[in-house]
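Just so it is clear, none of the values below were taken in a lab; they were calculated from the coordinates. Computed from a predicted model, the values in this text were never measured in an experiment. Heads up, the Cβs are rebuilt from the backbone with ideal geometry, glycines too, and the neighbour counts pull from every protein chain shown.
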Amino acid sequence: MPFNRSVNKAQKSFLYNVCDVLLNVVIIVATVAVIRTFIVSPFEVEGNSMVPTLEDNQYIIINKFLYIMGEPSRGDVVVFHPPSDSRKYYVKRIVGLPGDEIIIRDGKVIHVDNGVERELKEIYLDERNTGRTFIAPVGTGDKTEKKYTVPEGSYFLLGDNRQGSLDSRSFRSSQGEETPYVEVSNIAGKVWFVALPITKSHALQSPDYE
């Protein structure tokens, strides 16, 4: 029955093509899932807390793999969950590392290294925010000195828009207690690239405080 053999051959060919397409779709979906989970992932910036470094509605790409292989560094701009809400994502800059003592004094950020105080040279701050890092509420201009000792496994983060950023100075628990430090497990990755808009796309470099 040549006709039946032709039909069976056509059916097998059709099923093979369908299976091949489905297999490719599964591979593509799995590859994208792995990339987004462990390597890179896109995020949209909401708000102006990182102006002028990042602007509202910009799309950024974060590098997750970097922190699987190593530790976050001072000056890295990162995406993370704030201490009080694991459903939200914030984007800020790491200023204090585990074991650091950070002092906010007279609108400046001071890093204490082996008892020696050194003002961080924050060249990424614009004219409006340079010398205007105040304690919470951040927009009041309160120059009261405050010290933070960063515990092991945690980080102290500030937005570059120091007078308009909800960051480690302002984080509170549901009971209203200060929770200024972000655990490393809550950091999703380092901001690697500004993708959109195209006219402002560029790689983001961490500063050299030295």
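Please compute, over every Cα-Cα pair in the stretch 44-167, the percentage with a separation greater than 20 angstrom. Percentage above 20 Å: 44.
Multiplying the residue separation of Gln205 and Thr179 by 0.36 nm and subtracting their alpha-carbon distance yields 6.6 nm. Site pair Asp56 and Val112 shows an inter-label distance of 3.8 nm when each label is modelled 7 Å from Cα along Cα→Cβ.
Fully extending the segment from Arg172 to Phe193, taken as 0.36 nm per residue of separation minus the present Cα-Cα distance, adds 4.6 nm. Each label point was placed 7 Å from the Cα along the Cα-to-Cβ direction; for Tyr89 and Glu145 their separation is 4.0 nm. The alpha carbon radius of gyration of the stretch 98-200, expressed as a multiple of 2.2 N^0.38 Å, is 1.15.
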